[in-house]
Amino acid sequence: MATELTFYKMSGSGNDFVVLDGRLSPPEAWTPRAVAALCDRRQGIGADGLVVLSPAPEGEGQVRMDFWNCDGSPAAMCGNAALCSTRLAVYLSLAQPEGMWLQTEAGTFLTRCLPGPGELAELNLPDVVLPGDHPPVVAPGGAAATTLLTVGVPHLVVEVPDLEAPGLMERGAVLRHDSGSGPAGANVNFVGQDGPAGAWRLRTYERGVEGETLACGTGAVAAALALAWSGKAVLPLELVSRSGRSLHIRATLSERSATGVWLRGEGRMVFKGAMSAPARLR
């Protein structure tokens with residue numbers, strides 16, 4: 001077997017991934033330890049997570065996305081990884097740009113590439129149920145309104161007056177294990193506005209990364225829906241990620257759910273390289 005594998009470094013609005021062709025490197029070849037070593041930013045390639053893309057057994061137009069966080073833990077879904085996977089699946093001739101079905105542990109989603117500049121893609125997510133009330137939490141600046149939503153994975157949305165407040169991510173590390181977020185905890189999304197009519201901005205403390213990521217696709221969806229449900233923003237909504245790049249969310253709200261949920265954002269190939277194959281492939 002080959003001792004080298006081609007990899008693709010992808011960026012979804014700053015949320016970065018190493019992506020592999022599953023026909024050459026099947027998902028079962030990757031142990032948590034190997035994933036963590038690969039994603040290490042000092043001794044590996046460095047990334048927020050690993051993606052393996054494979055043809056799905058259902059046939060043409062069906063692509064399988066297996067995803068791991070940078071600590072080696074598997075995750076059911078990642079919005080930005082899905083956008084990157086959509087663009088790369090076309091590059092690898094696994095699917096057509098007009099549309100594909102992307103299979104994940106969280107379900108199967110319709111995705112497609114968008115024409116024009118920016119290497120954009122969009123992802124159709126399942127209906128999102130309006131959750132019950134979540135008690136306010138203490139964040140830098142005082143008690144903050146919060147919403148707990150599941151968009152592929154659990155997200156705690158915390159509205160704060162100052163996204164640059166000292167200790168914000170340290171507070172995120174605590175809230176990530178909030179007892180109301182379930183046994184596995186949740187990603188923590190701090191959202192704030194640049195003045196009364198300014199842009200909405202988002203910072204995310206992400207579980208599995210156990211730190212801040214430059215963008216979070218499903219977190220942006222959760223934040224946009226929380227803001228729309230509370231009447232503080234109107235859909236469609238653009239959220240500016242920590243990288244400065246924007247994610248666009250559209251949906252239709254009813255009393256208890258959001259339907260027709262779409263996430264649009266970047267799925268950019270940064271570079272292509274070669275890496276040592278994991279031991280199971282040698």
From the option list Lys232, Lys272, single residue qualifying as over 19 Å from the mean Cα position of the chain (by Cα) and modelled with pLDDT of 95 or more is Lys272
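Could you run through region 185-236 and say how many residues are of a type in the set (S, T, N, Q) and surrounded by fewer than 24 Cβ atoms within 10 Å (Cβ to Cβ)? Walk me through it before giving the result.
The initial filter retains those residues of region 185-236 that are of a type in the set (S, T, N, Q), namely 187, 189, 193, 204, 213, 218, 230.
With surrounded by fewer than 24 Cβ atoms within 10 Å (Cβ to Cβ) added as a condition, the list becomes 193, 230.
Matching residues across region 185-236 total 2.
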Sole miss for Ala215 among (1) part of a helix (DSSP H, G or I); (2) at pLDDT 95 or above; (3) closer than 26 Å to Arg41 by Cβ is condition (1)
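Listed here are the residues, each with its yes/no results for (1) of a type in the set (Lys, Arg); (2) part of a loop (DSSP other than H, G, I, E, B).
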residue: Ala224; (1), (2): no, no
residue: Leu239; (1), (2): no, no
residue: Ser243; (1), (2): no, yes
residue: Arg250; (1), (2): yes, no
residue: Thr259; (1), (2): no, no
residue: Trp262; (1), (2): no, no
residue: Phe271; (1), (2): no, no
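Quickly run through region 101-133 and pick out the residues that are assigned to a strand (DSSP E or B), in contact with a strand residue (DSSP E or B) (Cβ under 7 Å, 6 or more places away or on another chain) and over 17 Å from Ala220 (Cβ atoms).
In the first step, residues of region 101-133 are kept if they are assigned to a strand (DSSP E or B); the result is 101-104, 107-113, 120-125, 128-129.
With the extra rule that they be in contact with a strand residue (DSSP E or B) (Cβ under 7 Å, 6 or more places away or on another chain), the set shrinks to 101-104, 108-113, 120-125, 128-129.
Within region 101-133, Trp101, Leu102, Gln103, Thr104, Thr108, Leu110, Arg112, Cys113, Val129 meet the criteria.
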If we keep only residues of region 51-72 that are within 17 Å of Cys39 (Cβ to Cβ) and touching a Leu at 6+ places or on another chain (Cβ under 6 Å), then the residue surrounded by the fewest Cβ atoms within 10 Å (Cβ to Cβ) is Val52
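For region 249-259, give me each residue that is under 21 Å from Cys78 (Cβ atoms) and touching a residue at least 40 places away in the same chain (Cβ under 8 Å).
Filtering region 249-259 down to residues under 21 Å from Cys78 (Cβ atoms) leaves 249-251, 258.
Selection gives Ala251, Ala258.
Out of all the residues in region 5-23, is one or more on the phi > 0 side of the Ramachandran plot, crowded, with 22+ Cβ neighbours inside 10 Å and either modelled with pLDDT of 95 or more or not in a strand (DSSP E or B) (or both)?
Step one: list which residues in region 5-23 are on the phi > 0 side of the Ramachandran plot, which gives 13-14.
Next, from what is left, pick out any that are crowded, with 22+ Cβ neighbours inside 10 Å: 13.
Right, trim to either modelled with pLDDT of 95 or more or not in a strand (DSSP E or B) (or both) and you get 13.
Yes: one or more hits.
The values are calculated or read from the model by the stated rules, or taken from the named source; none is laboratory data. The structure presented is a predicted model; accordingly, all values stated were derived computationally and were not measured. Counting neighbours? That spans all protein chains shown, and the Cβs are built from the backbone with ideal geometry, glycine included.
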